[in-house]
Every structure is written in structure tokens, then in C-alpha cells.
Amino acid sequence: MPPIIEGASFMLVIQDLSYVREDFELSIDYIEINKGITIVVGSNGAGKSTFLQLLATAITPDKGIVVYDGLTIEDNLPFVRSEIGFLPTGMEIYEEMTARKFLNYMSQLKGNVHKTELDAVMSTFALIEIKNKKVKKLSQGMKQRLCAAQAFLGNPSYILLDEPLTSLDRMERQRFLSYCKKQSRKKTILIATHELNEWEAIADHILWLDGGNIIFYGSCDDWKTDLPLSVWVGTIPNELLSSFQDENMIALKLTEQEAELRIIAKCPPFPSFQKVSPTIEDAYFIRKRMLK
């Protein structure tokens, strides 16, 4: 196992990490996570949220260390935390606060973010028009934008986002994706999500968690390469649909007489089916299928 090296060029290092609670254990021997956007994938209960909480210092591991650009929480916890922006799922906000007061409060926790930066973040997340509204008056999409905005306050080097697209409409999603891509040029961004196709165009790396263990970490190209099954698309009469196993279907669109299918298989089920390049979501279905 490689030793931790001071001043190493990689941005995030995890070594000998273990977190055990009741019937679940998250265990990571060693990994280096690079700058850019890393999509954390896995089924429910795989450990994605726990993983992000550990990196955010929201919970403490039973053993092991996380090194943030050469520093651990033992070296300087306040500084490390100031370099982390975290969006957990189901983040609770005091309902009587206005949007502006909530961000002011979060900026103070991060070390008194300058007003110009606070205004810039509010503008980026389209919060200017609702800044004086109380949280209890906001829609779910507005609340999600507000919670996402606080993660970027203080210009942190590490952004940890758990299902950040929840409740956002199409335009808001595209704006958020574009912003994340711009930020990823100089930051390490980890995103736990089930909506893999949304991140296809901007993701740099994939980290796959299963049963509390990292099964894969690498580039998106490597993730989609050397798969044991291929992806096929085609149309069949509805009466033939029962011949396909559900676990082989990635997508299904029904009309009155036909079914448009996207399936995983070694060979085309019918000569008319065409082989297509896998998406990161396709690759997840294939890898998950082969893990069984």
C-alpha cells in the first residue's frame, strides 16, 4: 500500500478508511481522487451518502485518514472544513429565515464570505429575486437551489454534492451542470447521483461503490470500455416483448403496436437491432449485472 507523501500533487487521498455501523461497513484501502468531476454511482445502501459525509467531516471514521491537498483534519480541522462545500440530501433550513439570511449565516460559518462573492453566488443560482422571501414560502426547486448555493460559498476546493439535481427543472439543471463544469477546472467535485445520463457530457471520472467498497475508479472512457455485454437498440412487435428479461432492458418505449427497446446482450436479439456506444448509465447496468 503506498504511503502518504507530503506535498503530493493529487488533490484527495483516502487511506485505510473504515466506518462501521450496525449491519453496514464502508471500507477503503487506498485511493487518489483527482481534480474534476467524479460521479459516485451505486445502488441504494451502497454507501454513497456515507462516503460523502466522511469526506465532508460531517461524520468521523472509525479508522483511517483523508488527506486534502497534503492536510488532514488532525493537522488543521477549521482550515480543511473551510475548503469543503457540502450539499447533503434533505438539508434542513430554518423556515423563518429569508434566503439571504440563510446564506449570510452559512457564509459566517465558512469565515465571513465577502458580500460581492455572496451576491455573485446568489446571481449564479438565480436567487436574487427571492432573497427576501422566507424559506417556508419557497418551492422545493428554490430550496434546492438555495442549498446548492451554500456549498459553493467561500470558493472551496472540494465540492461534495448528494443528489444535487433533485427538484430542479430542465433549465435549472442545465444551468447547474454548466456551472459545475466551469468550477471543475480548478476544484475536486464529487457527486452522488442516480441520474447518470444528466452528467454524461461533463463527468471526468466514475467512482463505483457497492456494499461499502470501491469497485471501480477511473475515467469515463475506461468505465465504458471492455464491457462483457453490448448495447442494442431496435423495435419489435408488442407480442414479442415477453421474450425479453426485464434485467436486460435499459429503456422501453411502447406504442400501440410496437416496442422500442434499448437492451444489453452479447449478440443482437434480432437482425434489425443496431449496436450503439454505451453511455455511463449503460455501463453501470452492465457492470452491475455482471457483479451478481
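Is at least one residue of the range 184-194 among the basic types (Lys, Arg) and touching a helix residue (DSSP H, G or I) at 6+ places or on another chain (Cβ under 8 Å)? No, there is no match, as no residue in the range 184-194 is among the basic types (Lys, Arg) and touching a helix residue (DSSP H, G or I) at 6+ places or on another chain (Cβ under 8 Å). When Phe51, Phe102 are screened for being in the same structural domain as Arg175 (by the TED database), surrounded by 15 or more Cβ atoms within 10 Å (Cβ to Cβ) and either closer than 23 Å to Gly218 by Cα or in contact with a Cys (Cβ under 6 Å, 6 or more places away or on another chain) (or both), only Phe51 passes. Among the numbered conditions (1) at negative phi; (2) free of Cβ contacts under 8 Å to residues at least 12 places away in the same chain, the only one that Leu209 does not meet is (2). Filtering the range 129-144 to residues that are surrounded by 13 or more Cβ atoms within 10 Å (Cβ to Cβ) and under 15 Å from Asn104 (Cα atoms) leaves Ile130, Lys131, Lys133, Lys134, Val135. Taking the range 78-89 as the search range and keeping residues that are touching a residue at least 24 places away in the same chain (Cβ under 8 Å) and under 17 Å from Gly154 (Cα atoms), which one is surrounded by the most Cβ atoms within 10 Å (Cβ to Cβ)? Once the filter is applied, the top-ranked residue is Gly85. All told, Ile128 falls short of being assigned by the TED database to the domain that holds Trp208 and within 30 Å of Asp69 (Cβ to Cβ).
Residue-by-condition table, conditions (1) in the same structural domain as Glu200 (by the TED database); (2) surrounded by fewer than 15 Cβ atoms within 10 Å (Cβ to Cβ); (3) at pLDDT below 90; (4) of a type in the set (S, T, N, Q):
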site	(1), (2), (3), (4)
Pro2	no, yes, yes, no
Ile33	yes, no, no, no
Gly45	yes, yes, no, no
Gly64	yes, no, no, no
Ile73	yes, no, yes, no
Asn76	yes, yes, yes, yes
Met91	yes, no, no, no
Met97	yes, no, no, no
Lys115	yes, yes, yes, no
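Among the residues here, Gly211 does not qualify as among the small types (Gly, Ala, Ser), assigned by the TED database to the domain that holds Ser27 and within 15 Å of the chain's Cα centre (by Cα).
The values are calculated or read from the model by the stated rules, or taken from the named source; none is laboratory data. Treat the numbers as computed from the prediction; the structure is a model and nothing was measured. Cβ sites come from the backbone with ideal geometry, for glycine too, and all protein chains shown count toward neighbours.
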